[in-house]
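The values are calculated or read from the model by the stated rules, or taken from the named source; none is laboratory data. This structure is a prediction, so every number in the text was calculated from the model and none was measured. The accessibility values were calculated without ligands, DNA or RNA, using every heavy atom of the protein model including side chains. Shrake-Rupley method; radii C 1.70, N 1.55, O 1.52, S 1.80 Å.
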Amino acid sequence: MDKNHFLENIAQRLGRSLGQPPHIRKEMAGVPEFWAERSLTPRECLEKWIENFTSQGGEAKRFDSKQDLTESLDCLLTELSVQSVGAWGKTAAWPIDIENILDKWKALRWDETWPEKFSHVQVGITGCSWAIADTGTLVMKSGKAEGRGTHLMPQVHIVILRSRQICLRLGEVFSALQQEAMLPAAAHFISGPSRSSDIENDLSIGVHGPARVIAFILQED
């Protein structure tokens with residue numbers, strides 16, 4: 001096959017004749033309009049997030065009052081027979097005040113101790129910045145009082161959030177991050193427990209992070 005015949009064959013497969021310049025593609029930034037313009041009610045976003053989060057191994061508990069949430073959190077820690085609890089610092093952006101529970105369980109606070117101490121913590125308790133309904137994802141920003149070790153090192157990660165923190169799509173989170181005066185050192189996107197298939201394609205849970213991720217949601221209508 002000569003050179004011209006070879007190039008002509010390629011051009012034909014691309015839908016143009018030999019020597020014809022390539023088609024100018026229309027530049028597009030972001031997702032298509034039909035995707036960006038979708039909308040759901042807050043209740044629908046909550047239901048969608050729970051469905052997607054639990055399908056990936058996460059656990060979700062919803063509550064109508066702060067009292068019910070804190071009482072259930074206390075009961076869960078009792079059921080787990082927890083010996084050590086770690087949590088964000090007191091100045092962190094907690095969606096709900098749970099200081100009475102953290103005090104009762106003598107929780108280590110991220111900004112009041114050395115990070116190495118969290119390697120022995122069984123349960124880490126944090127808030128979150130956002131949740132994404134489309135993917136069943138939690139978004140964790142790191143900060144001085146919101147260290148990554150609080151949700152990466154313990155075997156169980158308990159997340160406290162309000163239903164109004166749940167947005168529909170990933171793009172909403174990126175837009176919110178762009179509007180912040182200073183970007184966080186890291187933003188983690190968590191969709192259920194840690195999963196790894198690095199070794200012989202064998203799925204392992206809890207190797208590079210928590211084996212359980214449990215969301216406590218204060219439902220707001």
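State the extension gain, in nm to one decimal, for the chain segment bounded by Asn4 and Val31, taking 0.36 nm per residue of separation less the distance between their alpha-carbons.
Working: separation 27, 0.36 × 27 = 9.72 nm, distance 3.94 nm.
So the extension gain works out to 5.8 nm.
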>> If I compute log10 I(q)/I(0) by the Debye sum over Cα atoms at q = 0.07, 0.13, 0.17 Å⁻¹ from the structure I just sent, which labelled value in [x] -0.22, -0.75, -1.23; [y] -0.30, -1.03, -1.44; [z] -0.32, -0.78, -1.22 lines up?
In response: [z]
> Under the definition of Cα pairs under 8 Å and six or more residues apart, what whole-number percent is the relative contact order of segment 80-221?
Replying inline: 25
> In nm, what is the difference between 0.36 nm times the number of residues separating Glu112 and Thr91 and their Cα-Cα distance?
Replying inline: 6.5 nm
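State the Kirkwood hydrodynamic radius of segment 1-93 in Å, one decimal place, computed from all pairs of distinct Cα atoms. List each step's numbers first, then the result.
Numbers: mean 1/r = 0.0490 Å⁻¹.
One over the average 1/r among Cα pairs gives 20.4 Å for segment 1-93.
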> Sorted by accessible area with a 1.4 angstrom probe, largest first, how do Glu47, Glu220, Glu112 fall?
Replying inline: Glu112, Glu47, Glu220
> What's the Cα-based Rg to Rh of segment 25-147, Rh via Kirkwood?
Replying inline: 1.06
> Against the longest alpha carbon principal axis of the chain, how many degrees, from 0 to 90 and to the nearest 10, is the axis of helix 3-13 turned?
Replying inline: 50
> What number, rounded to the nearest 500 deg cm²/dmol, is the helix-based mean residue ellipticity at 222 nm of the chain, given -39500 (n - 2.57) per DSSP H run of at least four residues and division by all its residues?
Replying inline: -8000 deg cm²/dmol
> Leaving out same-chain residues fewer than 8 places away, which lysines sit with a Cα under 20 Å from that of Lys90?
Replying inline: Lys66, Lys104, Lys106, Lys117, Lys141, Lys144
> Against the longest principal axis of the chain, how steep is helix 42-55, in degrees 0 to 90 to the nearest 10, with axes from Cα atoms?
Replying inline: 90
> Which ³J(HN,Hα) values in Hz, rounded to whole numbers, follow from the phi angles of segment 59-76 under the Karplus curve 6.51 cos²θ - 1.76 cosθ + 1.60, where θ = phi - 60° and Gly and Pro get x?
Replying inline: 10, 10, 10, 10, 9, 8, 9, 5, 4, 4, 5, 5, 5, 5, 4, 4, 5, 5
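How high is the relative contact order of segment 42-128? Use alpha-carbon pairs under 8 Å, at least six apart in sequence, and give a whole percent.
Numbers: 67 pairs, mean separation 27.2, N = 87.
Relative contact order of segment 42-128: 31 percent.
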